[in-house]
Amino acid sequence: MAFWQLTRIRVVYPVILFFLLFVDGAVMSGMGAFFTAFPWHVLPLATLIWLFYGVQFDVDKDMPFWIYVTATGILFDAYYTGIFGTYTVAFLIATMVMKQAKNILDERLLSGLTMFLFGILTFLVITYFAGYIIGIANVSIVTFLLFEVLPTVALNAFFAVIGYFPVWSFFNFLR
Amino acid sequence: MRKLFSSRTVVTIIIAFIVIVGLITGSNWLSKRTNTPPFVQRFSNDLAGGVSRLISVPTTAIGRTANSIGNLLDTFEENQILKAKIDQFAQDKVRLQTVEEENRSLKKQLGLQATLTDFKTVSAVTISRSPTTWQSQLVINQGIKAGLKKGMPVLSGAGIIGRISEVNTTNSKVALISDTSEDANRFAITIKGNSGEINGIITGFNREKNQLIMGQVTSDNTIKAGDLVETSGLGGVIPSGLFVGKVARVTKDDYGLSKRIYIEPAADLGNITTVVVAVSEIGAK
């Protein structure tokens, strides 16, 4: 494989996806004093933001995108929770929801943001109910919405907007 | 009328749902019953831990700098409070050294080997923290090679923060006490009240109040807010005398038959960069 082939989107996208999976955990650990300051519980979801960019900028035409989404979920489950299923399903369904929303919405930034909103809400709701299935859920839905969903959506939507045009240019460059 | 889903789609969704629920509950059940994960999972976790270590270097540095700036703002006021306490600590330290020496000498005379209060420590650094809704777990940079085992208690700063929930070759997962799963916070504890001790176990965590719960207490001993809570050592794996926190309030249970004690954890569960694993010398044998 020639070096220039390594700089193509089908190589760069999954490598960054794999890298961001660990960035989320490292950020949660390094900035834990802010993200988990009582009563807040904010989740950095760079991996989901990267999947959103993948859907929004149609990278699924260049690579086996859904295999990468599934592999990301399995690795996330194995490394962070040790319980298989929850995050594999959450990543897959959230990405599917974003893909379906993309078919309805146009390609403007605001529409993209709405699409990301659907995705992140689906992701968080699936993880909330998975907690009920195995009996570890210990906060009410109101507390969950107020202190986890709201700040998590705000933080990640902010970073999704910041990176939107640079990532779009980056993908065009790689193509 | 047009059907929203075909019969085939409905059947597929139902089967997928059953498989997923089975997978989640099955792997949860299995992880509780095994001391180490299967070889493939352990290998991938060790590999992932290596990548995590590299990535955590800059993020931890940024986090520490941000914390330092935050701490700097409170330094003057904190310094005055600490100066007032330091004389008392010096007295306590001298007394503790004397009592420890006396304890060692008495154990020797009685021919005792290890007791509930004897434990050695293994220091570790946090390399990752699960960005998840439930099951807040840390990944630390010590594993089987350092002698860690599932169930060992983990301390940070002022007190206990959780216990080892999974051990890989070069890293381990720590389930925090804020997690309601049985692996995380079912510690045998004792409360030192004025009219005597109360023994029991932690039965849950109230995330909305950030307090541990000790339920089904039937003892008549009087407990009040501010009383100290520590591990009792019963069960053998967790040493005795590890500081858990202070009593926040005492209430009656739903039927008025027993007491429910709410405990303010001593450790800050947000800012955990380094931890200490307490290895009981009784449990290790």
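Considering only residues of region B:237-262 that are under 14 Å from the mean Cα position of the chain (by Cα) and β-branched (Val, Ile, Thr), which is modelled with the lowest pLDDT?
Filtering region B:237-262 for residues that are under 14 Å from the mean Cα position of the chain (by Cα) and β-branched (Val, Ile, Thr), the one modelled with the lowest pLDDT comes out as B:237.
Given the criteria in contact with a strand residue (DSSP E or B) (Cβ under 6 Å, 6 or more places away or on another chain) and facing chain A (nearest Cβ under 9 Å), does residue B:56 qualify?
Spelling it out, residue B:56 is indeed in contact with a strand residue (DSSP E or B) (Cβ under 6 Å, 6 or more places away or on another chain) and facing chain A (nearest Cβ under 9 Å).
For region A:72-94, which residues satisfy the criterion of being of a type in the set (Val, Ile, Thr) and within 7 Å of chain B (Cβ to nearest Cβ)?
Matches in region A:72-94: A:81, A:83, A:86, A:89.
Quick one: is residue B:35 surrounded by 10 or more Cβ atoms within 10 Å (Cβ to Cβ), modelled with pLDDT under 80 and more than 10 Å from every other protein chain (Cβ to nearest Cβ)?
Yes: the conditions hold for residue B:35.
Specify which of the listed residues (B:44, B:7) is of a type in the set (Ser, Thr, Tyr) and closer than 23 Å to residue B:171 by Cα. Lay out the reasoning, then the answer.
Values: B:7 fails: closer than 23 Å to residue B:171 by Cα.
Every option except B:44 fails the conditions.
Test each condition in (1) touching a residue at least 40 places away in the same chain (Cβ under 8 Å); (2) surrounded by 15 or more Cβ atoms within 10 Å (Cβ to Cβ) for residue A:133 and report the one that comes out false.
Against the list (1) touching a residue at least 40 places away in the same chain (Cβ under 8 Å); (2) surrounded by 15 or more Cβ atoms within 10 Å (Cβ to Cβ), residue A:133 comes up short only on (1).
What pairs come out if I take residues in region A:27-44 that are touching a residue at least 12 places away in the same chain (Cβ under 8 Å) and more than 7 Å from chain B (Cβ to nearest Cβ) and pair them with residues that are surrounded by 22 or more Cβ atoms within 10 Å (Cβ to Cβ) and aromatic (Phe, Trp, Tyr) whose C-beta lies under 8 Å away, six or more apart or interchain?
That search, which allows pairs on different chains as well, returns A:41/A:35; A:42/A:35.
Which of (1) touching a helix residue (DSSP H, G or I) at 6+ places or on another chain (Cβ under 6 Å); (2) surrounded by fewer than 10 Cβ atoms within 10 Å (Cβ to Cβ) does residue B:63 not meet, given it meets every other one?
Residue B:63 satisfies every listed condition except (2).
Residues that are over 13 Å from the mean Cα position of the chain (by Cα) and not polar (S, T, N, Q): list the helices (runs of 4 or more DSSP H) wholly contained in region A:1-111 that include at least 3 such residues.
Correct list: A:3-6, A:9-30, A:32-35, A:65-76, A:86-104.
Please tell me if residue A:116 is among the hydrophobic types (A, V, I, L, M, F, W, C) and under 30 Å from residue B:175 (Cβ atoms).
No; evaluated as a whole, the condition is false for this residue.
Check whether at least one residue in region B:191-214 is in contact (Cβ under 8 Å) with a residue 40 or more places away in the chain, assigned to a loop (DSSP other than H, G, I, E, B) and away from every other protein chain (no Cβ under 14 Å), and report yes or no.
no
With respect to residue B:228, is the statement that it is touching a strand residue (DSSP E or B) at 6+ places or on another chain (Cβ under 7 Å), surrounded by fewer than 21 Cβ atoms within 10 Å (Cβ to Cβ) and at pLDDT 85 or above true? Before the answer, list the steps.
Working: touching a strand residue (DSSP E or B) at 6+ places or on another chain (Cβ under 7 Å): yes; surrounded by fewer than 21 Cβ atoms within 10 Å (Cβ to Cβ): yes; at pLDDT 85 or above: yes.
So residue B:228 fits the description; yes.
So, residue B:65, is that one farther than 30 Å from residue B:145 by Cα, assigned to a helix (DSSP H, G or I) and within 11 Å of another protein chain (Cβ to nearest Cβ) or not?
Answer is yes for this residue.
In region A:95-121, how many residues are within 13 Å of chain B (Cβ to nearest Cβ) and surrounded by 20 or more Cβ atoms within 10 Å (Cβ to Cβ)?
Going through region A:95-121 one residue at a time, the tally reaches 1.
If residue A:54 meets every condition in (1) more than 7 Å from every other protein chain (Cβ to nearest Cβ); (2) surrounded by fewer than 23 Cβ atoms within 10 Å (Cβ to Cβ); (3) not polar (S, T, N, Q) apart from one, which number is that one?
(2)
The values are calculated or read from the model by the stated rules, or taken from the named source; none is laboratory data. What you are looking at is a predicted structure, and each value in this text was computed from that prediction instead of being measured. Because the Cβ atoms are built from the backbone with ideal geometry, glycine has one as well, and the counts that use them run over all protein chains shown.
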